[in-house]
Amino acid sequence: MTPTLRDMAMTVLTTADPIEKTALSREYAQVWRDARAAGRDIPLGTAQPPDYPARPSQPELLPPRDVPMRKPGTPEGRIAMLHAIAHIELNAVDLHWDVIARFGDVDFPMGFYDDWVQAADDESKHFSLMEACLRGHGSHYGALPAHAGMWVSAVDTKDDIMGRLAVVPMVLEARGLDVTPGMIGLFKQAKDADAVAALEVIYAEEVAHVAYGSRWFHFLCGRNNLDPTPTFHALVRKYFHAALKPPFNEEKRAEAGIAPDFYWPLVEDTAR
Ligand SMILES: [Fe+2]
Ligand SMILES: [Fe+2]
């Protein structure tokens, strides 16, 4: 019997090895797209995803303050940066499959699953790109300690799809749009053409992920008769435990459907 979409999501979430996890993720995305193109939809099914996805024994996960800071101007600093991005991408793979698996009670049109499967596929490719860059520098994912806090937003919003959309694509992935051009500049300066090319792919594709978040957030606001801007502010204040930090990439945020009145009021908002 063909697995349902949520069976596929569960297999990705419960696979610990990152290479295997991302390969499965890409394979399932292709299965989904092929079925959709052929006009035979894969059933969504049901699932009870774990609170935490399976992870490899390495890297060691440390509280953010214990992750050693390295100067970005040094080769070690750049390897640490690639490692940190690989870690973000691996979490992003699970974050997308987790949404697919978890929120079965929300009746989304099929286009929602198209977007989430596509983003999961992109994140898997992003992880592979970062892993290839690390290998090119004689390192690999798992060689350095990584941030343990990456799954906090997922746990906090495990019962709230609108909170999840507000915090993950519309705050965290949008933050990626703000900081990626600076990172590309750093690798350009270091004449690391492979890293520059990889980060440019990531930068271009992340705009779409933020746009998916914004699109479906607005869809749910419309369905529930909610005003999107104050609803977004209330959810970010509830689930995201820090102020938003300028400078913002206003151009790419706009391209992704995030208006300035979404994020500016959340700057220096310390009443949390
Ligand atoms: Fe990504
Ligand atoms: Fe993303």
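Lysine pairs in the chain whose alpha-carbon atoms fall under 27 angstrom of each other, counting only those eight or more residues apart or on distinct chains, come to 16. Would you mind getting me the FRET efficiency between residue 41 and residue 219? Use the beta-carbon distance for r and R0 = 25 Å, nearest 0.05. The value I calculate is 0.85.
Among residues other than residue 23 with Cβ under 12 Å from its Cβ, the summed charge is -2 (Lys and Arg +1, Asp and Glu -1). Highest GNM mean-square fluctuation, the chain, Cα pairs closer than 10 Å: which of 73, 176, 257? Result for the chain, Cα springs under 10 Å: 73 fluctuates most. Projected label points at residue 267 and residue 152, each 7 Å from Cα along the beta carbon direction, are separated by 2.3 nanometres. Residues whose amide H falls under 5 Å from that of residue 61, counting only those 5 or more places apart or on a different chain, are 146, with hydrogens built in the peptide plane.
With each label modelled as a point 7 angstrom along the Cα→C-beta vector, the residue 193-residue 229 pair spans 4.7 nm. Comparing 183, 130, 110 in a Gaussian network model of the chain (Cα springs below 10 Å), the most mobile by mean-square fluctuation is 110.
The HN-Hα couplings worked out from phi for segment 134-146 by the Karplus form 6.51 cos²θ - 1.76 cosθ + 1.60 (θ = phi - 60°) are 4, 4, x, 9, x, 10, 6, 5, x, 6, 10, x, 9 Hz, whole numbers, x standing for Gly and Pro. Electrostatic bookkeeping for residue 187 treats Lys and Arg as +1 and Asp and Glu as -1; over the other residues with beta carbon under 13 Å from its beta carbon, the sum is 0.
Which value, to two decimals, describes the C-alpha radius of gyration of segment 1-90 once divided by 2.2 N^0.38 Å?
Details: Rg = 17.5 Å, N = 90, 2.2 N^0.38 = 12.2 Å.
Compared with the compact-globule rule of thumb, segment 1-90 sits at 1.44.
So, in Å, what gap is there between the alpha-carbon centers of segment 146-210 and segment 86-119? If you average the Cα positions of each part, the centres end up 15 Å apart. Taking θ as phi - 60° and the Karplus parameters 6.51, -1.76 and 1.60, the scalar couplings of segment 115-121 work out to 5, 6, 5, 4, 5, 4, 5 Hz in sequence order, x denoting glycine and proline.
Counted by Cβ distance under 12 Å from residue 80, the other residues give a net charge of +2, where Lys and Arg count +1 and Asp and Glu count -1. With 17 Å as the cut-off, how large is the P(r) tail for segment 144-206, expressed as percent of Cα-Cα pairs? Of the Cα pairs, 55 percent sit more than 17 Å apart. Compute the Cα gyration tensor for segment 112-248, then decide on rounded, prolate or oblate, letting a ≥ b ≥ c be the square roots of its eigenvalues: rounded whenever a/c is under 1.5, prolate when a/b is larger than b/c in the other cases, and oblate in all that remain. In terms of gyration-tensor shape, prolate.
Bear in mind these aren't lab numbers, they're just calculated from the coordinates by the rules spelled out. Being a predicted model, the structure only gives us computed values, none of them experimental. For neighbour counting, all protein chains shown are included, and Cβ atoms are generated from backbone atoms with ideal geometry for every residue, glycine included.
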